[in-house]
Amino acid sequence: MAERQRVVVVGGGFAGFTAARTLARITRGTAEIVLINPTDYFLYLPLLPEVAAGILDPRKVAIPLSGNCPGVRHLLATVNSVDVQARRLTCTDPEGSSRELEYDRLVLAVGSVNKLLPIPGVADHAHGFRSIGEALYLRDHLIRQIELADASDDPEERRARCTFVVVGAGYTGTEVAAQGQLLTRDARRHRPGLSDQPLRWILADLAPRILPELDEHLSRTAQRTLLKRGMEIRTGTSVSEATAEGVKLSDGEFVPTRSLIWCVGVRPDPFVESLGLPTEKGRLLTDEYLNVPGHPEIFACGDAAAVPDLTNPGQYTAMTAQHASRQGKRVAHNVAASLGTGRREPYKHGDLGFVVDLGGVKAAANPLGVPLSGLPAKAVTRGYHLLAVPGGRARIAGNWLLDALLPRQTVQLDLVHGQAVPLAGTTPERPDEPTG
């Protein structure tokens, strides 16, 4: 009996998780599939702002790899290097033990990391938002600022602690600002001493409008919703300096605050550059079949892959979860084809639309190009997430129902401390890498 071919998938995000699970279903045990990921779960990132807001239990967005990837062997480790010529990689587990692993096919789906800009003080004073730990820390931090403001007799300190600055008005930044504003309102409601204290939220971005990925109509709808809540939206604006006392905006204004939330965006995991393979702006170049040119045994997908966009010739697919999950499915079929099952096909996908949760009963969405806002958009947004999340749907829906019926608890859990989630241009699982 011939020895089974080994397929190693590096990364358990949208692309890697989908690739491993789909490939196991296609091959039905005829290939050995190994998924290397530093956590034992797939993180459903789009719902992370609801974890920070206290709407969802963090376990609801952490989909266990065991049980949800039948037929896949999971290695709890971080890949350190790949010897392309020898078809071998080295990885290290959480306790520091190193091992080598050979492969017949390699799928690189290492994803993306925080995009840091060379702005004085940002790395020291800003809070990132890419992991469960960062979401839990941010929730505690926001509640803590309200509690400390209530305890202070200094009006300047109270004002600073009740001021929050979010930099980056894409999907993540807009949702974090929207959910965070409602959380701080709930926290203030239980503190009579702050009844007359305004909560100032600033959402800043260098782009000419928020949510530049959406069409202009939806962007205006979202902006109008946030402005009605009292959100200050500063387009064409970023941060020029951050200190312990506040942030200086690029328009010259100094904003006293203890809360700078960094949602500027992402860049490909720097691990890609260490492979010695052709890249495009830090992303691993592939052909339309998700193959690395010159290496038929290596495939790449997701944020770390520069995949030709066949719906927009001359461009590469955007770094979105929608592309990552669909590329993961396509790469699974193409890997299976290389092993003799099925036939390979090029990756081609047009966007099906986008959804943005604005907290409360508000949202903006354009499913299949149909612009929606308010309750219809909220229903579409939550329906989309329930369909897209690969597990725990009943538990998520249950949390949403409880949040709608019961007052939200605004207490610090004190599970994650600031030093445990420093803002860095690496994945949370690669804390020792240089930020570049």
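The values are calculated or read from the model by the stated rules, or taken from the named source; none is laboratory data. Remember, it's a predicted structure, so these values are computed and weren't measured experimentally. Here the Cβ is made from the backbone with ideal geometry for all residues, glycine too, and neighbour counts use every protein chain on show. Note: accessible area is taken over every heavy atom of the protein model, side chains too, but ligands, DNA and RNA are not part of it. Shrake-Rupley method; radii C 1.70, N 1.55, O 1.52, S 1.80 Å.
Quick check on the stretch 178-218: what are the equivalent-ellipsoid semi-axes from the Cα gyration tensor, as sqrt(5λ), descending, whole Å?
30, 11, 7
Helix 132-151 sits at what angle to the longest principal axis of the chain, using alpha carbons and giving 0 to 90 degrees rounded to 10?
Rounded to the nearest ten degrees, it is 10.
Enter the angle in degrees (range 0 to 90, nearest 10) between the Cα long axis of helix 321-338 and the first principal axis of the Cα atoms of the chain, meaning the one along which they spread out most.
10 degrees
Mind checking the dipole of the chain: about its Cα centre, +1 per Lys or Arg Cβ, -1 per Asp or Glu Cβ, Debye to the nearest 20?
1480 debye
Find the relative contact order for the stretch 326-409 and round it to a whole percent, using C-alpha pairs within less than 8 Å whose residues are 6+ positions apart.
15 percent
Which value, to two decimals, describes the C-alpha radius of gyration of the stretch 154-299 once divided by 2.2 N^0.38 Å?
For the stretch 154-299, the normalised Cα radius of gyration comes out at 1.38.
Taking amide H positions as placed 1.01 Å from N in the peptide plane, with prolines and chain starts having none, which residues 5 or more places from Ala305, or on another chain, fall under 5 Å of its amide H?
Leu284
Helix 171-189 sits at what angle to the longest principal axis of the chain, using alpha carbons and giving 0 to 90 degrees rounded to 10?
40 degrees
Would you kindly derive the ³J(HN,Hα) couplings of the stretch 349-356 from the backbone phi angles with the Karplus curve 6.51 cos²θ - 1.76 cosθ + 1.60 (θ = phi - 60°), listing them in order in whole Hz, with x for Gly and Pro?
8, x, 4, 8, x, 9, 10, 9
Taking every alpha carbon pair in the stretch 1-67, what does the distance histogram look like in 5 angstrom bins from 0, in percent?
4, 16, 23, 19, 15, 10, 7, 4, 2, 1, 0
Name the residues whose placed amide hydrogens come within less than 5 Å of the amide hydrogen of Val239, ignoring near sequence neighbours (fewer than 5 apart) on the same chain.
Distant-sequence amide H within range of Val239: Ser250.
Can you give me the relative contact order of the stretch 47-167 as a percent, contacts being Cα pairs under 8 Å and 6 or more apart?
Reported relative contact order: 19 percent.
Report the one residue of Val356, Ala379, Pro407 whose Cα lies farthest in the direction of the positive end of the charge dipole of the stretch 305-436 (charges on C-beta: Lys and Arg +1, Asp and Glu -1; origin at the Cα centre).
Of Val356, Ala379, Pro407, it is Ala379.
Determine the relative contact order of the chain: mean sequence separation of Cα pairs under 8 Å and six or more apart, normalised by residue count, in whole percent.
With pairs under 8 Å counted, the relative contact order is 20 percent.
What list of ³J(HN,Hα) couplings, whole Hz, do you get for the stretch 17-30 from phi and the Karplus terms 6.51, -1.76, 1.60, once you set θ to phi - 60° and write x for glycine and proline?
4, 5, 4, 5, 5, 5, 5, 4, 5, 6, 7, 6, x, 6
Can you tell me the accessible area per residue over the stretch 143-222, all protein chains present, probe 1.4 angstrom, in square angstrom?
Accessible area per residue, the stretch 143-222: 40 Å².
Starting from 0.36 nm per residue, how many nanometres of slack lie between Leu206 and Ala86 once their C-alpha separation is accounted for?
Gain in length upon complete extension: 38.7 nm.
With only alpha-carbon pairs counted, each pair once and no self-pairs, how large is the Kirkwood hydrodynamic radius of the stretch 279-436 in angstroms?
Evaluated on the stretch 279-436, it is 19.1 Å.
Hey, got a sec? Which trypsin sites (Lys or Arg not before Pro) in the stretch 27-107 land in a DSSP loop and have at most 13 other Cβ atoms within 10 Å?
Arg28
With every protein chain present, what accessible area does Ile55 have (1.4 Å probe, heavy atoms only), rounded to the nearest 10 Å²?
Surface open to solvent at Ile55 totals about 20 Å².
Need one word for the stretch 1-135: rounded, prolate or oblate. Basis is the Cα gyration tensor (sqrt eigenvalues a ≥ b ≥ c); a/c below 1.5 gives rounded, then a/b vs b/c decides.
oblate
DSSP beta bridges in the chain, what fraction antiparallel, as a percent rounded to 5?
Bridges in the chain that DSSP calls antiparallel: roughly 50 percent.
Direction-averaged shadow area of the convex hull around the Cα atoms of the stretch 328-410, nm²?
7.8 nm²
If r is the Cβ-Cβ distance from Lys281 to Leu386 and R0 is 30 Å, what FRET efficiency results, to the nearest 0.05?
The computed FRET efficiency comes out at 0.30.
Show the residues, 5+ positions off or on another chain, whose built amide H is closer than 5 Å to the amide H of Val389.
Close amide H contacts, sequence-distant or interchain: none at all.
What residue among Glu134, Glu232, Glu213 has the largest mean-square fluctuation in a Gaussian network model of the chain, using Cα springs under 10 Å?
Glu213
Using only alpha-carbon positions, what ratio does the radius of gyration of the chain give when scaled by 2.2 N^0.38 Å?
This ratio for the chain stands at 1.00.
Only Lys, Arg, Asp and Glu count, each charged at its Cβ (+1, +1, -1, -1), so figure out the dipole size of the stretch 153-251 about its Cα centre, rounded to 20 debye.
Here the size comes out at about 420 debye.
Using just the helices of the chain, give the 222 nm mean residue ellipticity in deg cm²/dmol: DSSP H runs with n ≥ 4 each add -39,500 (n - 2.57), and the total is spread over all residues, rounded to 500.
The per-residue figure over the chain is -9500 deg cm²/dmol.
For the stretch 267-332, give the magnitude of the charge dipole about the Cα centre (Cβ charges: +1 Lys/Arg, -1 Asp/Glu; no others), in debye to the nearest 20.
Dipole size: approximately 200 debye.
With Kirkwood's inverse mean 1/r over C-alpha pairs for Rh, give me the Rg to Rh ratio of the stretch 60-213, two decimals please.
Result: Rg/Rh = 1.11.
Within the stretch 41-84, what residues put their amide N at less than 18 Å from the label point 7 Å along the Cα-to-Cβ vector of Glu297?
Within reach of a label on Glu297, which here means backbone N under 18 Å from a point 7 Å along Cα→Cβ, the stretch 41-84 contributes 80-84.
With θ set to phi - 60°, apply the Karplus curve 6.51 cos²θ - 1.76 cosθ + 1.60 along the stretch 407-423 and write out the HN-Hα couplings as whole Hz, x wherever there is a Gly or Pro.
The phi angles translate into x, 6, 7, 10, 10, 6, 8, 6, 8, 10, 9, x, 5, 7, 10, x, 6 Hz.
Could you provide, to the nearest whole Å², the per residue accessible area of the stretch 260-362 with probe 1.4 Å?
Dividing the accessible area of the stretch 260-362 by its residue count gives 40 Å².
Lysine pairs, Cα distance under 19 Å, 8 or more residues apart or cross-chain: how many in the chain?
5
Separation of the stretch 326-375 and the stretch 198-277 by C-alpha centroid, Å?
With the stretch 326-375 and the stretch 198-277 each reduced to a Cα centre, they are spaced 26 Å.
Along Cα→Cβ, 7 Å out, is where each label goes; now give me the distance between the ones at Glu253 and Ala394 in nm to one decimal.
Roughly 4.9 nm, to one decimal.
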